[in-house]
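Written below as structure tokens is the structure these notes are about.
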Amino acid sequence: MPLCPHDKQRLNESASGFDCPACGRQFGNQPVCPECVQPAEVLKACGAVDFFCKTHGMISLSRVIVS
Ligand SMILES: [Zn+2]
Ligand SMILES: [Zn+2]
């Protein structure tokens, strides 16, 4: 599950994507690489979620942008 880029709270899944319980912002469900701002792939393994950019490789949860 992605984190809110504003307050690092865990986002709740909603019908249209994700929303933040702390600040109330709503996000689409597309994680984006913070370096190239291109859509990142979601990798799920062992209960953890990581993100992968074809150009920049693995992106940690704390760095990924959810737009
Ligand atoms: Zn937030
Ligand atoms: Zn990238």
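The values are calculated or read from the model by the stated rules, or taken from the named source; none is laboratory data. The structure presented is a predicted model; accordingly, all values stated were derived computationally and were not measured. Don't worry about glycine lacking a Cβ; one is built from the backbone with ideal geometry, like all the others, and counts go over all protein chains shown.
For segment 44-59, give me each residue that is at pLDDT below 85 and farther than 15 Å from LEU11 by Cα. Can you show your working first?
So in segment 44-59, the residues at pLDDT below 85 come out as 44-50.
Across segment 44-59, the qualifying residues are LYS44, ALA45, CYS46, GLY47.
Checked across segment 25-33, the condition of being modelled with pLDDT of 85 or more, charged (D, E, K, R) and more than 16 Å from ligand 2 (Cβ to nearest atom) holds for no residue.
Going residue by residue through segment 43-62, is there one that turns out to be on the phi > 0 side of the Ramachandran plot, small (Gly, Ala, Ser) and under 11 Å from the mean Cα position of the chain (by Cα)? No; the residues of segment 43-62 include none that is on the phi > 0 side of the Ramachandran plot, small (Gly, Ala, Ser) and under 11 Å from the mean Cα position of the chain (by Cα).
Here the condition is being without any contact (Cβ under 8 Å) to a residue 60 or more places away in the chain and exposed (fewer than 13 other Cβ atoms within 10 Å of the Cβ); of PRO21, PRO39, PRO34, it holds for PRO21 alone.
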